[in-house]
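One structure below.
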Amino acid sequence: MKLLEGIRVLDMTNVLSGPFATLHLALMGADVIKIENPDGGDLARKLGNVPKYNQQLLGTSFLAQNANKKSLTLNLKADEGKEIFVKLAKTADILVENFRPGVMARLGFSYDELCKINPGIIYCAISGFGQTGPDAFKPAYDQIIQGLSGVMAVNGDETLNPLRSGFPVCDTVGGMNAAFAIMAALYYREHTGQGQFIDIALLDSIMPLMGWVAANLLIGGQPPVLLGNDNFTAAPSGMFKTKDGYINIAANQQQQWEDLADELGLPELKTDPRFQERDTRKSNRSLLTPLLEEKLAGDITAHWVETLNARGIPSGDVVSLEAALTCGQAEHRQVIAEVEQPGIGKIKIFNMTAKFSKTPAQIEMPPPRLSENTGSILEELGYSTEEIRVLKEKAVI
């Protein structure tokens with residue numbers, strides 16, 4: 001049995017936050033029907049660095065987030081489209097959308113209206129700022145939220161700040177928050193039989209991820225300090241230069257610091273008043289780092305990683321994205337799956353990263369072509385071949 005076997009999801013989302021949420025439901029075995037505009041579908045189908053894939057409406061951005069899903073095209077502004085949607089909604093357990101607040105209501109499909117035809121439905125709305133509040137109707141993309149949430153303000157150092165994250169972290173975290181909330185709502189419905197409305201905001205979702213930094217301000221009254229690649233909780237903890245590159249060292253405990261000093265041939269630093277205690281080391285990290293890097297420059301990163309880890313001092317190389325995705329540990333954990341994408345060939349996309357002992361979750365179908373499953377879904381709803389042909393002629397599907 002799959003974890004979400006028998007659960008149907010109507011996925012009305014686009015681009016990243018919503019598709020990332022429904023991807024996890026799909027990987028766990030839910031029947032995810034991606035409802036797309038007949039005119040081009042999800043915008044992500046045209047986004048990516050391979051033009052010929054974009055022209056096929058299979059952009060790399062779309063391929064990354066839509067495995068195990070079905071694609072149904074539907075014009076929700078047409079009466080026939082609305083009729084089909086109502087029939088689908090009656091069969092659904094979950095609906096996920098990431099339109100601006102009010103869009104679904106204008107189409108006649110607010111949560112209150114859907115409840116009338118399916119009281120048990122779980123309706124999750126993802127937006128930049130949530131469904132209520134002074135900013136609710138403002139447009140929002142990941143970088144906008146990064147700037148408004150404080151994320152860009154805490155990144156970088158004195159020479160480069162504000163600084164955005166190198167990937168759309170707010171969209172991604174918003175999608176993960178939505179998936180978590182949907183699973184909780186399913187648990188509640190299992191016990192009560194009642195569905196509910198879930199309001200997910202990207203702005204809300206990202207802020208708790210800065211918990212320790214925010215706590216220093218909210219509780220300790222200390223604004224964030226721009227430390228670049230250094231860790232604000234301890235020193236020496238951060239990235240350091242070696243003979244051939246960089247190494248991350250996290251000597252967060254006193255014993256780890258003392259062992260590091262010994263390993264680098266700097267035992268005198270253990271009793272140096274500038275570095276002896278944790279808080280004074282943090283205050284004097286600018287003086288400490290050059291002393292450590294002078295010793296680290298004597299050998300390559302691989303040597304130091306092996307040597308320091310063997311002594312119980314947490315350390316690691318700083319590698320490229322390609323090296324990270326192809327490393328032995330990622331391969332062992334099956335982080336990346338290879339699937340056959342019709343019209344393209346074999347592609348590599350992320351697998352389910354939670355490992356379930358009894359209900360394994362994995363990629364079983366490649367991302368769908370636009371409208372790939374429209375016919376079969378409509379047949380399931382009782383539409384004949386002739387009726388489907390007419391709907392296509394009228395651009396309803």
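The values are calculated or read from the model by the stated rules, or taken from the named source; none is laboratory data. Worth saying up front: this structure is predicted, and the values here are computed from it rather than measured. Glycine also receives a Cβ, built like all others from the backbone with ideal geometry; neighbour counts cover every protein chain displayed.
What do you reckon, is Gly29 over 27 Å from Gly193 (Cα atoms), among the small types (Gly, Ala, Ser), surrounded by fewer than 22 Cβ atoms within 10 Å (Cβ to Cβ) and at pLDDT 95 or above?
Working: over 27 Å from Gly193 (Cα atoms): no; among the small types (Gly, Ala, Ser): yes; surrounded by fewer than 22 Cβ atoms within 10 Å (Cβ to Cβ): yes; at pLDDT 95 or above: yes.
The answer is no for Gly29.
In the list Thr307, Thr353, Thr280, Thr326, which residue meets the criterion of being in contact (Cβ under 8 Å) with a residue 24 or more places away in the chain and among the hydroxyl-bearing types (Ser, Thr, Tyr)? Step through it out loud before you land on a result.
Numbers: Thr353 fails: in contact (Cβ under 8 Å) with a residue 24 or more places away in the chain; Thr280 fails: in contact (Cβ under 8 Å) with a residue 24 or more places away in the chain; Thr326 fails: in contact (Cβ under 8 Å) with a residue 24 or more places away in the chain.
Only one candidate qualifies: Thr307.
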From the options Asp112, Asp79, Asp157, Asp142, residue that is over 24 Å from the mean Cα position of the chain (by Cα), over 26 Å from Gly29 (Cβ atoms) and touching a residue at least 60 places away in the same chain (Cβ under 8 Å): Asp157
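A quick yes/no check of all residues on (1) over 28 Å from Met210 (Cβ atoms); (2) surrounded by fewer than 18 Cβ atoms within 10 Å (Cβ to Cβ):
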{"site": "Val50", "(1), (2)": "yes, yes"}
{"site": "Asn66", "(1), (2)": "yes, no"}
{"site": "Glu83", "(1), (2)": "yes, yes"}
{"site": "Val103", "(1), (2)": "yes, yes"}
{"site": "Leu114", "(1), (2)": "yes, no"}
{"site": "Ser127", "(1), (2)": "no, no"}
{"site": "Ala136", "(1), (2)": "no, yes"}
{"site": "Tyr141", "(1), (2)": "no, yes"}
{"site": "Gly147", "(1), (2)": "no, yes"}
Some residue of region 369-379 being free of Cβ contacts under 8 Å to residues at least 40 places away in the same chain, farther than 14 Å from Lys69 by Cα, more than 18 Å from the chain's Cα centre (by Cα) and surrounded by 14 or more Cβ atoms within 10 Å (Cβ to Cβ): yes
Residue among Ala330, Ala361 that is more than 30 Å from Pro38 (Cβ to Cβ), of a type outside the set (S, T, N, Q) and modelled with pLDDT under 95: Ala361
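Could you please let me know if Ala337 is surrounded by fewer than 14 Cβ atoms within 10 Å (Cβ to Cβ), aliphatic (A, V, I, L, M) and either within 30 Å of Ala261 (Cα to Cα) or out of contact with any helix residue (DSSP H, G or I) (no Cβ under 8 Å at 6 or more places or on another chain) (or both)? Break it down stepwise before answering.
Values: surrounded by fewer than 14 Cβ atoms within 10 Å (Cβ to Cβ): no; aliphatic (A, V, I, L, M): yes; either within 30 Å of Ala261 (Cα to Cα) or out of contact with any helix residue (DSSP H, G or I) (no Cβ under 8 Å at 6 or more places or on another chain) (or both): yes.
The answer is no for Ala337.
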Test: residue in region 286-295 that is surrounded by fewer than 17 Cβ atoms within 10 Å (Cβ to Cβ) and not in a helix (DSSP H, G or I): no
Candidates Glu331, Glu340, filtered to the one that is assigned to a strand (DSSP E or B), under 34 Å from the mean Cα position of the chain (by Cα) and either farther than 29 Å from Asp157 by Cα or of a type in the set (Lys, Arg) (or both): Glu340
Candidate set: region 32-49, residues that are farther than 20 Å from Pro168 by Cβ and acidic (Asp, Glu); chosen: the one modelled with the highest pLDDT: Glu36
Test: residue in region 130-145 that is within 22 Å of Leu186 (Cα to Cα) and modelled with pLDDT of 95 or more: yes
